[in-house]
Each structure stands twice: as C-alpha cells, then as structure tokens.
Amino acid sequence: MHALKKNRPLRRIVLASAATVSGMVMLLSLKPHASPTAALAVPAPSSSSSVSSGTGKTATTGTKTVTGDTIQTRWGPVQVRVTVKDGKLTEVTAVTYPTDNPRDQEINSYALPRLRSEALQAQSADIDTVSGATYTSDGYRQSLQSALDSAGS
C-alpha cells in the first residue's frame, strides 16, 4: 500500500496545501509585459508651405499628402498616410495600427519603423514582410499601395 493513501491523510493534506501555496506564489510573482516607451512614437507629418485642399492633395506645388485605405487585419486595422513631392515618396506615416495589448505594441514598435524605412528606400509598396509582424506588414503594404495609387505615383 502506498504511503500517502490511507495511513497518513494528514500528510496528504499538508503536501496538497504546500503545492497550492507554492503555485499561488509563483503565479503572483509573474510580471506583466512592460509597455515600450517612446517606441511607438510616429513622426508627425512635416508642415509644408503649400496650401492643402479638402481632397488630401496640396495646391501650388507638386506635393500631395494622401491617406490610404484602412485594411482590416487579423489583429486590427492598419492605415498609412504618404506624402509625395514631385513624384518622390518623401514621408510615410502609420495612422492606424493595432495597439490593443502590450504584444501589439511591442511588435509595432519595431515593425513600423522598419516598414517605413523600406517604403522610403523602395519608393513603392514593394517592401519585405517584417518577421513576427506578418499581418501588420501585409496591411501596411496594401494601405501604402492604395495611398500611392491615390497620389498618382
């Protein structure tokens, strides 16, 4: 007969209580993910000397600022705004992106700057997917393409 079965029920109670207390201590000692600070800071669109019209395009110069379509992804909407000056992509800003939980914030803190940099370098929506941010990358690329189409680039 096993030692914990019937001879010593008090031992069983003590061991079960100790296991429960240990489990609770370990559970309560877990720390939540820290929110990234300033990593999600998205640069504000630069001001221009041209006059903006209500269509999102600017008059008097070859500068256009256009917001792309909002693309629904598995983790939330993604939307991009672009500025095109004289046919050249000069600014890309993520207007809307998933921020509902700390994991979304962590992913976007490294994915969005990389996507922006690639878009400016490629001068198109033909950019690589950021590893670990597949859905955001796909939504970003689609919104970027719709903005570029609207801007006429």
Item checked: Residue in segment 129-147 that is surrounded by the fewest Cβ atoms within 10 Å (Cβ to Cβ), counting only those that are over 11 Å from the mean Cα position of the chain (by Cα) and either in contact (Cβ under 8 Å) with a residue 24 or more places away in the chain or under 20 Å from THR90 (Cα atoms) (or both) -> ASP138
Next item on the list: Might you check whether a residue that is surrounded by 13 or more Cβ atoms within 10 Å (Cβ to Cβ), part of a loop (DSSP other than H, G, I, E, B) and at pLDDT 80 or above occurs anywhere in segment 71-89?
Entry: yes
Notebook entry, point to check: When you scan segment 94-116, how many residues do you find that are open to solvent by 10 Å² or more (accessible area, probe 1.4 Å), touching a residue at least 24 places away in the same chain (Cβ under 8 Å) and among the polar types (S, T, N, Q)?
Noted result: 4
Note to self: Yes or no: segment 134-141 includes at least one residue that is at pLDDT below 90 and not in a helix (DSSP H, G or I).
What the structure shows: no
Item checked: Tally of residues being at pLDDT 90 or above and not in a helix (DSSP H, G or I) across segment 95-128 -> 0
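The values are calculated or read from the model by the stated rules, or taken from the named source; none is laboratory data. Predicted model, so just to flag it, every value in this text is computed and none were measured. So basically every Cβ, Gly included, is an ideal-geometry build from the backbone, and we count neighbours across all protein chains shown. We work out accessible area using only protein heavy atoms, side chains counted, and drop any ligands, DNA or RNA first. Shrake-Rupley method; radii C 1.70, N 1.55, O 1.52, S 1.80 Å.
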